[in-house]
């Protein structure tokens, strides 16, 4: 008990002149030492920190994406290239493709055709270097009850080898790239924003990991890296971009970016390319000749949860004819011709 | 300046001096706090995977405790209003304990938010790019830190004046007292808006959250203060009249009644209409599709709330033992209701209808306990230091007279002198 020995006897007059006794001094020293030892023990787990866990001076001082000069950006891309080479043993091409003028991307998903095979889910994982363990996936395919659009009755964990199952329909959900995104609004540090082509992106080097955006998203489109993301050797996609599929770090948010490293240079998102049923359509809605423009103009289109008012750029639609529900691929003799307009 | 440094030095010395119970209490708290630090260092190394949180339930115990503690910080306002607005003299001498509590509780709040961050190393990004006024989280940062500074100033100024042996100048603290009253309401409102503003979470997206928040805060805060004042009265010679406690009892009475009424309003709206909106409330109160982790908790809270309200309304709670039981029930009930009961159900079911339950891990629990211990440690020190200083036992003048060579003499002796005057169990 520090100071105890210099106590005057209870009831006695305070006497400031008593020097600290040797015993008191030793007791104080022992208490201080024990305290420091306990503190050191409490902080001992920090010895497991690896090199990459702590930000380098360069990372620590890196500016927000919007404030980087071209030279800053070049340095950041070089740093990322170097880190990926060290950690994954491949030298990636790191780019930062800008949004194209006169382009606003939208996505159409044909629920008459989707069979719930989840090929999109896995193509997305491979393309975007998503963590395999812990498992992160941007696309969630819901197996819906026939006659209902209530997500609460959906099955998230159906067996995709058994699809399509009778009396079920399939509704894949991913980031809807809303025009009025609540996730962007709530971010306290401005680490996420909407690009001119409609894609909401995250600066993974700026995110502080508060997960407010994850709470704000009505489509459950955002994912958090609860642990260090892992990608097995040889499975890294080496074509990476700053705002999309570069390997993420522990403790930051991530989300679908419409594969902007592909789509901004004229390719299709991985999920569109892989879809075996042609249910997925993607393009520039401002181009009157685009497929998505046609779909929005002529098909029966709806958005999920229109009541939350976030104005999604992800549309579901269904065919009046040619749906897997209306026209069997090989109609039996007993099924008569469908009446016009079915 | 020199005087101020001496003041800080004396405060530091005072905080180290006490009888064996004080040392045992402080050692225990330090131990628990270090346990929390240990668990937090683990979390830093491995990430938030050490917690029970998932992408489905992305906020857990940290944010739940944070929410509750913001409410507790209201205690100060509930002492200040009677004293400065209604000139209630019973509470005059104890108002500072409310303000000191606010200081320690806000520190705990800030810690709870910090341990919830995935990248605490990027904390400075908040200063470099502050998404104000769009993000409600930035409002909360301002509200909480502002409240901390206001209370630090008010208590610090009053205690320092007592140390210097001069009468506080009203102009230097009365305006801040009134600002702090409004500010106390703002910290709740802003924290409630943090949740209320999310259109994708029907459980939170309800105008009643902020008023309920205030009502429960104004019940739990003063209930906590009632207990604290009795501890202060027991261990120091600071006088706390029973009238002060009974004034607070009246505040808790009213707040609890309003709180129960608002709860009733909310439950009716959810369950009578029985829209899709009800899923989270159903998960909380009845369980949903065979998942009912929170059901026992919330009914415990409801029962405790009702019993506490009844006790507070009965004349029996003028007896201190009954009053204390009612206070403990209130504090625990509101901790459940405003903590886990408010945060977790909003995530169940997820926006895509998935039901993933949340179960806090040992690490997470240790960190929470550690922060609570740290907060109590800070509060104990603050009270320990302020009681003798406010009583005029430790002053600059006295120090100068007993120690002409101020720093050369044994430092602890002086604090010990103050202490020997202090305890009166």
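Figures for the structure shown
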item	result
Euclidean distance between Cα centres, the range A:18-87 to the range A:180-238, Å	25 Å
nm² value of the averaged projected area, convex hull over the Cα atoms of the range B:2-421	21.9 nm²
Bins of 10 Å from zero: percent of alpha-carbon pairs in the range A:51-93	27, 50, 23, 0
Span per principal axis, largest first, for the Cα atoms of the range B:278-342 (Å)	45, 17, 15
Segments A:225-235, B:252-262 sorted - mean Cβ within 10 Å per residue, highest first	B:252-262, A:225-235
Beta bridges per DSSP with both ends in chain A, % antiparallel, nearest 5	75 percent
Rel. contact order, % - alpha carbon contacts under 8 angstrom, at least six apart, chain B	30 percent
Label point at residue B:164 placed 7 Å out along Cα→Cβ; residues across the range B:1-24 whose backbone nitrogen lies under 13 Å	B:1-8
Packing-based ranking, highest mean first, of A:244-255, B:139-150, A:49-60 given that Cβ atoms within 10 Å are counted	A:244-255, B:139-150, A:49-60
Peptides A:118-125, A:292-299 ordered by average Cβ neighbours within 10 Å, highest first	A:118-125, A:292-299
From the C-alpha gyration tensor of the range B:133-246, square roots of 5λ in Å	33, 20, 10
For the range A:116-233: span of alpha carbons on each principal axis (Å, largest first)	47, 38, 25
Shielding by other protein chains, B:193-205, mean Cβ within 10 Å	4
Residue B:293-residue A:66 FRET efficiency (beta carbon distance; Förster radius 45 Å; 0.05 resolution)	0.60
For residues of B:125-138, the mean tally of beta carbons on other chains within 10 Å	6
Cα centroid separation - the range B:310-329 against the range A:256-313, whole Å	63 Å
Cα radius of gyration and Dmax for the protein assembly as shown (Å)	30.7, 114
Chain A, relative contact order [Cα under 8 Å, separation at least 6], %	21 percent
Hydrodynamic radius of the range B:1-114 per Kirkwood, over alpha carbon pairs, in Å	17.6 Å
Distance (nanometres) between label positions extended 7 Å along Cα→Cβ at residue A:30 and residue B:231	2.9 nm
Alpha-carbon Rg with Dmax, taken over the range A:249-296, Å	13.3, 42
Cα convex hull volume per residue for the range B:213-274 (Å³)	65 Å³
Beta bridges by DSSP in the protein assembly as shown, antiparallel share as percent, to the nearest 5	75 percent
Estimated 222 nm signal from helices in chain B, with DSSP H stretches of n ≥ 4 weighted -39500 (n - 2.57), rounded to 500	-23500 deg cm²/dmol
FRET efficiency for residue B:325 and residue B:208, using Cβ-Cβ distance with R0 set to 41 Å, rounded to 0.05	0.90
0 to 90° range, to nearest 10: angle between helix B:2-16 axis and chain B longest Cα axis	70 degrees
Helix-only [θ]222 nm of chain A, DSSP H runs n ≥ 4, -39500 (n - 2.57) each, per residue, nearest 500	-6500 deg cm²/dmol
Partner chain coverage, peptide A:142-150 - average Cβ within 10 angstrom	1
Hydrodynamic radius of the range A:105-318 per Kirkwood, over alpha carbon pairs, in Å	17.7 Å
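Rule-based calculations on the coordinates, nothing more; no lab input. Remember, it's a predicted structure, so these values are computed and weren't measured experimentally. Neighbour counts are summed over all protein chains in view; Cβ atoms, including those assigned to glycine, are modelled from backbone coordinates with ideal geometry.
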